[in-house]
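Enquirer: Below is the structure I would like to discuss, written out as structure tokens.
The values are calculated or read from the model by the stated rules, or taken from the named source; none is laboratory data. Since this is a predicted model, take the numbers as computed values, not measurements. Reconstructed Cβ throughout: ideal geometry from the backbone, glycine too, with neighbour counts over all protein chains shown. For the accessible areas, the whole protein counts, side chains as well, though only heavy atoms, and no ligand, DNA or RNA atoms are used. Shrake-Rupley method; radii C 1.70, N 1.55, O 1.52, S 1.80 Å.
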Amino acid sequence: MATPPPLLRIAGLLLLLLVASASAPTARADLVITRADRKVDLTSHIVRVLTLLKVENSGPEAVSQFLLAFPNVQAKNLAAIRAFGTEGKVKGPSTVLPIEVVQPSGVPPELTFFSASLSKPLEKGKTLHLDILTVFTHSVQPFPEEITQAESQLVVYQDSAQYLSPYPVKVQTLSIRLPGGRVESYTKYPNTKLADSELKYGPYEDLPPFSYSPMVVHYENNNPFAVAKEVIREIEISHWGNVQITEHYNIAHGGAKLKGEFSRIDYQSRPYIRGVSSFRHLIARLPPRAHSIYYRDEIGNISTSHLWSDSKKTQLEIEPRFPLFGGWQTTFTIGYGLPLQDFIFNSDGKRFLNITFGSPMEEILIEKLIVKVVLPEGSKDIEVSVPFPTKQGQEVKYSHLDIDGRPVVVLEKPDVIPEHNLYFQVYYRFNNISLLREPMMLITGFLLLFMACIVYMRTDMAISKNSPSYLAKVQWDEVQSIIQQIQAIFDQSLAVHDKLEASLRDLSRSGDVQSCKAARKAADAQFKELAKELKPLLTTLQSSPQSYQIWPKVEELVAKERELQDKLMTRHSTVVDSFEKKLRGQDVENRIATQQQKVAALRQEVESLLEYISEI
């Protein structure tokens, strides 16, 4: 017998007590299920249960509804439920039956009931065939919850070996389809058989209402547990001939989390052994005439994708940048275009979009799906028809050349599965004249631009050479030219300072006093040459009426630079004299310490003044 996690065992015991207490007040004798065949598909992480019922009305009155019961622990994971019915002893074409949640009187709150409304009342003695499809999410749990890279993924599933119903059941069977691989354990009852990848329970006969026998299957399942935390699907309609689809995915592996470190070398050498629980690709089935398909993430385009297309479908195989193990996640975007005529139609003076709601990805669970339908600017009288409940809203999106913005229909739904990939419709009114709005805006814009160019080319924009503004501009240009020359001279002067500093460093290394004196003599000559070049420039700058703002700073710069030269020369003489007297290094440092500080401060002031003048 299987050994499920403690919470599952407790839940099973509670259900036994609950259904035992609920059976008496809720049992109904008017309907009898003469046969119930359940088929559970566990090949994926999305559990699909197809229940085939043959129902007979043995009561005195006609019945117009059929009740379906689920434990709350199971009903909270119910993502979809559909019922199909046909009356007669021989099963024929069936019709879809509307289903709603009901709360019959006298039932405990731990059970959830659904009511399937029959297309016509079932008379006494008549027989009804019902096909009930239920789809559950998060019902297959990894056990253990953490595995290493080389281990296979084991999961556990809990249900009842007997069909839980408020009606008596004469004969019932249960067939569970497994994905293959090993089966660790399963609950054994009489008439239980495991053959290949199929587990069978029953047949069981003459079951009272609310029969429940806890059943647990612990088995291997390495199929992709693709769970999208959020998917934003944007459908943008352009009446110029295209419907653009953009889908943003945040996908995680919902299986057993990876324990320990991941080895890329082991994975690449033996991916089907050292990464058996991971998945490395997803399949998206796109409409047949999809075009301009791309697949990218935050880094850029992802080239690891393959595309197949024919007249019936377009299949895109995408491979993330890294394999996904349990708990790992990735984000990416796919986009493609569709022909407008395949999805936009006319009805009663309105246009309507007819397109599928869910994701084109195979076997993916979307915990939160947001579908945004971007209609053309100017659309009005918007109506939405969706085959299941959704949260609806509207917003506005602005794009290029938009004035009022484009109306956006926003649909939001949790726990979306492949069974929700049904067609929905968005109806709206749109005038074809609105198509000319943006082209006319472009034509008008270019026309105004060309007219402005013509006016500009034919207009004399020159300023008179005798005007005060022109003269002021010429004078300011002269000032700027002089300032640039003065800056160049001071830059040369600072370079000479650096050479004197370098000669002192060479003196401290080599002790060559003569070379140091020669460097000073050369520097003194360069200072005199620079002073000759600077003098006429200063005279011209001082006489210019446009230099009233900058002249004080230039005058200060000249004074500081001359002081810096004097201090630098004095320090140079002191060092050379000390070396000639063969004083110790510490004595030399003590003699020039004060001079060194003054030179550094003056150098900083000169550089600051040069930077200030440059900004002006």
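Enquirer: What whole-number value in Å² describes the accessible area per residue of the stretch 479-616 for a 1.4 Å probe?
Expert: 59 Å²
Enquirer: For the stretch 31-219, what does the relative contact order come out to in percent, with C-alpha contacts under 8 Å and a separation of six or more?
Expert: 27 percent
Enquirer: Do you know the Lys pair count in the stretch 273-423 for C-alpha distances under 18 Å, with sequence separation 8 or more or different chains?
Expert: The number of close lysine pairs in the stretch 273-423 is 9.
Enquirer: Moving on to the next point. Rg over Rh of the stretch 31-219, using C-alpha atoms and the Kirkwood radius, what does it come to?
Expert: Ratio value, two decimals: 1.00.
Enquirer: Same structure, new question: Using only Cα atoms, tell me the angle between helix 468-510 and the longest principal axis of the chain; keep it within 0 to 90° and round to the nearest 10.
Expert: That helix lies at roughly 80 degrees to the long axis.
Enquirer: Another question, then. Considering only protein heavy atoms and a probe of 1.4 Å, how much of the accessible area of the stretch 31-219 is carbon and sulfur, as a whole percent? Spell out each step's value before the answer.
Expert: Values: 4080 of 8110 Å².
C and S fraction of accessible area: 50 percent.
Enquirer: Which percent of the accessible heavy-atom area of the stretch 226-435 goes to carbon and sulfur, probe 1.4 angstrom?
Expert: Reported share for carbon and sulfur atoms: 48 percent.
Enquirer: Another one. Round to the nearest 10 and report in Å² the accessible area of SER573, as given by a 1.4 Å probe over the protein chains' heavy atoms.
Expert: About 40 Å², rounded to the nearest 10.
Enquirer: What fraction, in whole percent, of alpha-carbon pairs in the chain exceed 46 Å separation? Before the final figure, lay out the partial values.
Expert: Details: 96741 of 189420 pairs.
Cα-Cα pairs of the chain separated by over 46 Å account for 51 percent.
Enquirer: Here's another thing I want to ask about it. Once you keep just the Cα pairs under 8 angstrom separated by 6 or more residues, what percentage relative contact order results for the chain?
Expert: 10 percent
Enquirer: Normalise the Debye intensity by I(0) for the stretch 39-136, one equal point scatterer per Cα, no solvent, then take log10 at q = 0.14, 0.15 Å⁻¹ and round to two decimals.
Expert: Debye output, listed in q order: -0.57, -0.65.
Enquirer: Which value in nm describes the separation of the simple spin-label points at LEU537 and VAL474, placed 7 Å from the Cα toward the beta carbon?
Expert: So the label points at LEU537 and VAL474 sit 2.3 nm apart.
Enquirer: Mind listing which GluC sites (Glu not before Pro) in the stretch 44-121 are in a DSSP loop and have 13 or fewer other Cβ atoms within 10 Å?
Expert: Counting only loop positions with at most 13 other Cβ atoms within 10 Å, the GluC sites (Glu not before Pro) in the stretch 44-121 are GLU61.
Enquirer: What chymotrypsin sites (Phe, Trp or Tyr not before Pro) does the stretch 398-439 have in DSSP loop regions with at most 16 other beta carbons within 10 Å? The partial results should precede the final answer.
Expert: Numbers: sites: TYR398, TYR423, PHE424, TYR427, TYR428, PHE430; in loops: TYR398, PHE430.
Qualifying residues, ordered by number: TYR398.
Enquirer: Loop-only check: which trypsin sites (Lys or Arg not before Pro) in the stretch 155-205 are DSSP coil with at most 15 other Cβ within 10 angstrom? If you can, show how the numbers build up before the last one.
Expert: Details: sites: LYS170, ARG177, ARG182, LYS188, LYS193, LYS200; in loops: ARG182, LYS188.
Qualifying residues, ordered by number: ARG182, LYS188.
Enquirer: At 1.4 Å probe radius, can you tell me the per residue accessible area of the stretch 123-238 in Å²?
Expert: Accessible area per residue, the stretch 123-238: 39 Å².
Enquirer: Would you kindly calculate the mean projected area, averaged across all directions, of the convex hull enclosing the Cα atoms of the stretch 468-615, in square nanometres?
Expert: Quarter of the Cα hull surface area: 9.0 nm².
Enquirer: May I pose another question? To the nearest 10 degrees, how steep is helix 437-458 against the longest Cα principal axis of the chain, on a 0 to 90 scale?
Expert: 10 degrees
Enquirer: Let me ask you something else. Give me the one-decimal Kirkwood hydrodynamic radius in Å for the stretch 226-435, with the sum taken over alpha-carbon pairs.
Expert: 18.7 Å
Enquirer: Would you mind checking the tilt of helix 551-580 against the longest principal axis of the Cα atoms of the chain, expressed as 0 to 90 degrees and rounded to 10?
Expert: The angle comes out at about 80 degrees.
Enquirer: Per the helix-only calculation at 222 nm, which mean residue ellipticity applies to the chain, given -39500 (n - 2.57) for every DSSP H run of n ≥ 4 and division by its residues, nearest 500 deg cm²/dmol?
Expert: The helix contribution divided over the chain gives -10500 deg cm²/dmol.
Enquirer: What lysines does LYS91 reach when the alpha-carbon gap must be under 30 Å and sequence neighbours fewer than 8 apart in one chain are set aside?
Expert: Excluding near neighbours in sequence, the set is LYS39, LYS54, LYS120, LYS124, LYS126, LYS170, LYS193, LYS200.
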